[in-house]
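Since the structure comes first, as structure tokens, the remarks are kept for the end.
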Amino acid sequence: MKRNFLFALTLVALVGCQSAYYGAMEKVGIHKRDILVDRVEDTRDAQNEAQQQFNSALEELSALINFNGGELETIYNNLNDQYAASTEAKELVSKRIGNVESVAQALFSEWEDEIDQYSNATFKRNSSKQLSDTKRLYARMLRSMHQSEKKMDPVLAALNDNVLYLKHNLNANAVNAIEVEFKQLKQEIAILIKEVNQSIAESNKFIETLSK
């Protein structure tokens with residue numbers, strides 16, 4: 001019971017802070033619509049950076065597969081760094097998507113309230129249609145964002161497996177074992193990149209529509 005109460009207080013405080021932030025931004029001419037566009041752009045850029053990072057991790061793993069003498073521990077450390085960077089990239093994408101959802105909810109709620117204030121039936125009808133169309137495009141974009149985000153989890157899990165296995169088996173047998181799984185991981189990253197590119201395309205379409 002106490003935990004639920006504290007969560008409710010935190011939620012109220014968070015909503016209050018967001019409302020204050022949006023109010024302050026509007027006073028300087030930056031509205032929720034503008035903030036939403038900025039946050040979608042930030043998410044798109046984070047997704048692009050994430051797919052580049054996953055490609056870098058794949059290249060490091062490829063270097064391990066083609067290992068031909070030298071220090072395996074050095075390659076392990078490099079691969080471990082790539083896994084850590086990939087995890088951070090995914091976390092940033094998740095955070096940016098959350099930021100998009102937050103301002104979108106505030107924007108749509110405000111838009112719905114303002115539609116009720118119209119006395120002109122034509123304006124009210126046109127604004128309602130515009131809101132409906134924007135919501136539809138937003139839902140499609142958000143679904144694509146989450147789909148690409150979810151595709152990152154199995155890739156991260158596979159990278160982690162490889163890093164852990166190599167950590168405890170710094171020898172040629174470990175390299176051979178990892179090579180068996182390499183092809184599957186490569187396919188998963190290819191699927192991930194396809195999903196990310198689709199999400200980026202949906203983001204660009206939404207940004208273009210909202211910026212008109």
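How about region 61-79: which of its residues are surrounded by fewer than 18 Cβ atoms within 10 Å (Cβ to Cβ) and assigned to a helix (DSSP H, G or I)? The answer is 62, 63, 65, 72, 73, 74, 77, 78.
Going by the structure shown, is residue 173 without any contact (Cβ under 8 Å) to a residue 12 or more places away in the chain and either surrounded by fewer than 15 Cβ atoms within 10 Å (Cβ to Cβ) or in a helix (DSSP H, G or I) (or both)?
Working: without any contact (Cβ under 8 Å) to a residue 12 or more places away in the chain: yes; either surrounded by fewer than 15 Cβ atoms within 10 Å (Cβ to Cβ) or in a helix (DSSP H, G or I) (or both): yes.
Yes.
Does residue 118 satisfy the criteria of being among the hydroxyl-bearing types (Ser, Thr, Tyr), open to solvent by 90 Å² or more (accessible area, probe 1.4 Å) and touching a helix residue (DSSP H, G or I) at 6+ places or on another chain (Cβ under 8 Å)? Yes.
Assess whether residue 131 counts as being out of contact with any Ser or Thr (no Cβ under 7 Å at 6 or more places or on another chain), touching a residue at least 40 places away in the same chain (Cβ under 8 Å) and part of a helix (DSSP H, G or I).
Numbers: out of contact with any Ser or Thr (no Cβ under 7 Å at 6 or more places or on another chain): yes; touching a residue at least 40 places away in the same chain (Cβ under 8 Å): no; part of a helix (DSSP H, G or I): yes.
Taking the combined requirement at face value, the residue does not satisfy it.
Of the residues making up region 157-170, those that are open to solvent by 20 Å² or more (accessible area, probe 1.4 Å), assigned to a helix (DSSP H, G or I) and touching a residue at least 40 places away in the same chain (Cβ under 8 Å) are 160, 167.
Got a sec? Which of 135, 186 is more than 17 Å from residue 60 (Cβ to Cβ) and out of contact with any His (no Cβ under 7 Å at 6 or more places or on another chain)?
Working: 186 fails: more than 17 Å from residue 60 (Cβ to Cβ).
It is 135.
State the number of residues belonging to region 127-150 that are hydroxyl-bearing (Ser, Thr, Tyr) and either in contact with a strand residue (DSSP E or B) (Cβ under 9 Å, 6 or more places away or on another chain) or loosely packed, with under 13 Cβ neighbours inside 10 Å (or both). Explain how you work it out, then say what you get.
Let us first name the residues in region 127-150 that are hydroxyl-bearing (Ser, Thr, Tyr), namely 127-128, 132, 134, 138, 144, 148.
Those still in the list that are either in contact with a strand residue (DSSP E or B) (Cβ under 9 Å, 6 or more places away or on another chain) or loosely packed, with under 13 Cβ neighbours inside 10 Å (or both) too: 132.
The qualifying residues number 1.
The values are calculated or read from the model by the stated rules, or taken from the named source; none is laboratory data. Please read all numbers here as calculations on a predicted model, not as lab measurements. A quick note on method: Cβ atoms are made from the backbone with ideal geometry, for glycine too, and the neighbour counts reach across all protein chains shown. Each accessible area value is taken on the protein alone, full model and side chains, heavy atoms only, with ligands, DNA and RNA left out. Shrake-Rupley method; radii C 1.70, N 1.55, O 1.52, S 1.80 Å.
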